[in-house]
Structure formats: C-alpha cells, structure tokens
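Comments concern the structure below.
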Amino acid sequence: MTDQHNDQWLDSLLQAEETGIEDAGFSQRVLDALPHAPLSEKTRFWILFSCALVAGIVSCFLLPSGQYVADAILKVFTPGYMLTFSIPSLAIVAMLIGSTIAVVRAEA
C-alpha cells in the first residue's frame with residue numbers, strides 16, 4: 001500500500017508543469033549574446049583541412065616515425081619517382097590523403 005502511494009506522489013510530481021526558474025532575464029540575455037549564423041560549409045571545410053594538414057606536417061617532425069613519413073612524401077612528389085616505384089611510400093601518402101578526406105567529409 002505504501003509503494004502505491006509513493007508511486008502516485010512521484011507520478012503527479014513528474015507530470016506537473018514546470019514553470020522554470022526566474023532569473024531576471026539572464027537566460028534570454030545569454031541566448032541573445034550567442035552567435036546567430038554558423039560558419040558556411042566551405043569555410044568549415046577549409047578550416048578542418050588546414051588543421052589536418054598542419055597536424056600532418058607537425059607530426060612528421062615530432063613523431064619518431066616522422067622521418068619515414070616525410071621521406072615517403074618526398075619520394076612520391078620527386079620527379080622520376082615512377083622509375084623507383086615504392087609501394088610502402090605510395091601507401092603512406094595515400095593513407096594520409098585518404099584519412100584527411102575522410103575526416104573532412106565526415107565533418108561536413
């Protein structure tokens with residue numbers, strides 16, 4: 001009997017209309033101060049792409065395997081590369097480019 005009484009009290013409390021907390025217009029002032037227009041998709045794309053590019057370049061210098069990645073990128077973009085074809089170098093560059101594109105497309 002006590003459980004049913006407690007449940008009715010809880011149900012009535014949960015179904016009651018909530019009026020909110022009076023804050024003298026503070027909430028409305030905060031909402032009015034927020035920016036109204038988000039960045040365009042093109043702007044967001046270039047910001048994210050630039051961050052990914054900078055992160056890739058910085059990681060080439062800071063990570064222990066960075067020298068290997070930097071060498072792979074240089075080999076791919078060096079004239080006459082196809083004469084000394086290296087699958088690992090091409091795979092590393094393809095993964096870097098592919099992951100950057102995937103992140104940018106997932107964000108958009």
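Throughout, read-outs are computed from the coordinates displayed, never taken from laboratory work. As the structure is a computational prediction, the values presented were derived from the model and not from experiment. Quick reminder, even Gly has a Cβ in these numbers, built from the backbone with ideal geometry, and neighbours come from all protein chains shown.
Some values worked out for this structure:
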item	result
Residue 34 versus residue 12: modelled label distance in nm, points set 7 Å from Cα along the beta carbon direction	3.6
Gain on full stretching of the segment that runs from residue 44 to residue 97 - 0.36 nm per residue minus C-alpha separation	17.3 nm
Packing rank of 68-77, 24-33, where each peptide gets the mean count of other beta carbons within 10 Å, highest leading	68-77, 24-33
